Amino acid sequence: MKTHIVIGAGQAGAHAAVSMRRAGFDGRIVLLGDELVHSYERPPLSKSFITELESERIANFFPLSHYLNEKVQVLAGVAAEAIDPAAGAVSLAFGGKIPFDKVILATGSRPRTLSVPGSDRVLTLRTFADAVQIKKAFTSGRKVVCIGAGVIGLELASAAISRGCQATVLEVGDRVMARSLDKAASRTIEAMHRDAGVEFAFGHSVVAVEPHAVVTDVGLRIPADVVVAGIGVDRNVALAQSAGVSVGKGVLTDASGRTNIDCVLAAGEVAEFYSEREGAHVVLETSRHAQMHGTLVGQVAAGQELAYDDVPWFWSDQHGANIQVAGSHRAAGSTVYRGDPLSKSFCAFYLNSQSAVVGAFGLNAGRDVSAALRLIRSGAAADPEILADITITSGKLVSAPRA
């Protein structure tokens, strides 16, 4: 009987294991996770988990009974120490080995940390245990400094405000969420945070974290009882590298999740996969990508021939508002607004030179972004007047006459 091992029990790993079984693989499936709790949703950790006053709860992708029904062997709290592709074995940290025919790396990433005096005082968010620590630290009246104005930093600032804290966001760049938003959308999100009481300091690098203050490179001292950092991630590629798997920003794969070693695949955030849509290798860090990519790679491991071509999409909840981003604004030549961009609900459609929708930003406009996703996938030209017409329902935007 063949054995397939999935290393990493996050969203990508869990879905890879289950989809492999559903795709017809009838051998042994082992899902290794180094946390003692079994696979759980990470997005709520920076949102509702911290803001809710109830006792700590986590949402699992699948109940344990589901893994039993699918005959997936879950080993929680068991870390892989090494992969030997030639011998076809995974060595475990506590001792022992598991033989394999194929292995899927779904090892994800870890939060990037500061290298300044006092950095040991800085909290980061990745795991359930991290979220519990931050939630306990966010008590009313405390001064919270969030380093980094990306999604995690802004969500934590929002959570801090909701729990009665003061919040300041420090960012080395000149605007919020610069990796995923255009300048207009960045201004919208910044204004929303300022209205809620968040303060910002742009163009500042942290040089030290003192017991009650954060010190920047221009001498600014920001009072701080709690310091949290959301300054990006480093992908967990050490296992891959030691096994001879090619690595770039992440574990390099083709469009199907296969690496340069036949018996090794990679899925989710750790994978730097080839995208036909982009014509290049890319890495993505969203929960949707982890689920969709993990599912596909599991199917490929089961013997199916598939290529990954999903449109990037993510969501964020901040100060009670829902933010959704689909595709990318970077190839856009024009922007069409559906609704008033100064209001609390609108969608910005990003069009390229052929009038095809290539991206979208929605503030409390989930249905419009869903329509944008379908338009992006189609690649067809859209009529800007129809996109802007709020009398046409979101569901009819895709079927409306094209430009």
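Modelled spin labels at VAL132 and ASP217, positioned 7 Å past Cα toward Cβ, are 3.8 nm from each other. Rounded to the nearest Hz, the phi-derived 3J(HN,Hα) couplings of the range 212-227 under the Karplus curve 6.51 cos²θ - 1.76 cosθ + 1.60 (θ = phi - 60°) are 9, 6, 10, 10, 9, 5, 9, x, 6, 10, 9, x, 8, 8, 9, 10, where x marks glycine and proline.
With all pairs of different alpha carbon atoms counted, what Kirkwood hydrodynamic radius in Å does the range 113-229 show? Every distinct Cα pair counted, the radius reaches 14.1 Å. Spin-label model, ARG142/ALA184: points 7 Å from Cα along the beta carbon direction are separated by 4.0 nm. Once every DSSP H run of n ≥ 4 in the chain is given -39500 (n - 2.57) and the sum is divided by its residues, what mean residue ellipticity at 222 nm do you get, rounded to the nearest 500 deg cm²/dmol? That calculation yields -7000 deg cm²/dmol at 222 nm. Counted over the chain with a bin width of 20 Å, the fraction of Cα pairs per bin, in whole percents, is 26, 53, 21, 0. With neighbour counts taken as other beta-carbon atoms within 10 Å, the residues MET177, MET1 rank, fewest first, as MET1, MET177. In the range 110-164, the alpha-carbon atoms span a convex hull of 88 Å³ per residue. Here the calculated FRET efficiency for ASP262 and LEU68, from their Cβ-Cβ distance with R0 = 22 Å, stands at 0.10, rounded to the nearest 0.05. Per-residue 3J(HN,Hα) values for the range 176-188, derived from phi via the Karplus relation 6.51 cos²θ - 1.76 cosθ + 1.60 with θ = phi - 60°, read 8, 6, 5, 5, 10, 10, 6, 5, 5, 5, 4, 4, 4 Hz in sequence order (x marks Gly and Pro). Coupling constants for the range 250-266 follow from the phi torsions by the Karplus curve (6.51 cos²θ - 1.76 cosθ + 1.60, θ = phi - 60°), and in residue order they are x, 6, 6, 9, 7, 5, 9, x, 7, 9, 6, 10, 3, 8, 10, 10, 9 Hz; glycine and proline get x. Counting neighbouring Cβ atoms within 10 Å and putting the fewest first, the residues ASP389, ASP310, ASP262 line up as ASP262, ASP389, ASP310. Using r as the Cβ-Cβ distance of VAL37 and ASP389, and R0 as 51 Å, what FRET efficiency do you calculate, to the nearest 0.05? Efficiency computed from Cβ-Cβ geometry: 0.60.
Computed over the range 320-396, the P(r) tail beyond 21 angstrom holds 15 percent of alpha carbon pairs.
What is the fewest-to-most order of HIS66, HIS15, HIS193 by other Cβ atoms lying within 10 Å of their Cβ?
HIS66, HIS193, HIS15
Restricting the calculation to alpha carbons of the range 211-288 gives Rg and Dmax of 18.4, 53 angstrom. Spatially close Lys pairs in the chain, defined by Cα atoms under 23 Å apart and a spacing of eight or more places or different chains, total 13.
Scattering from the C-alpha atoms of the range 1-129 alone, worked out with Debye: what is log10 I(q)/I(0) at q = 0.17, 0.22 1/Å? The Debye formula, applied to the Cα set alone, gives -0.93, -1.29.
Bear in mind these aren't lab numbers, they're just calculated from the coordinates by the rules spelled out. Since this is a predicted model, take the numbers as computed values, not measurements. Here Cβ is always computed from backbone atoms with ideal geometry, including for glycine, and neighbour counts include all displayed protein chains.
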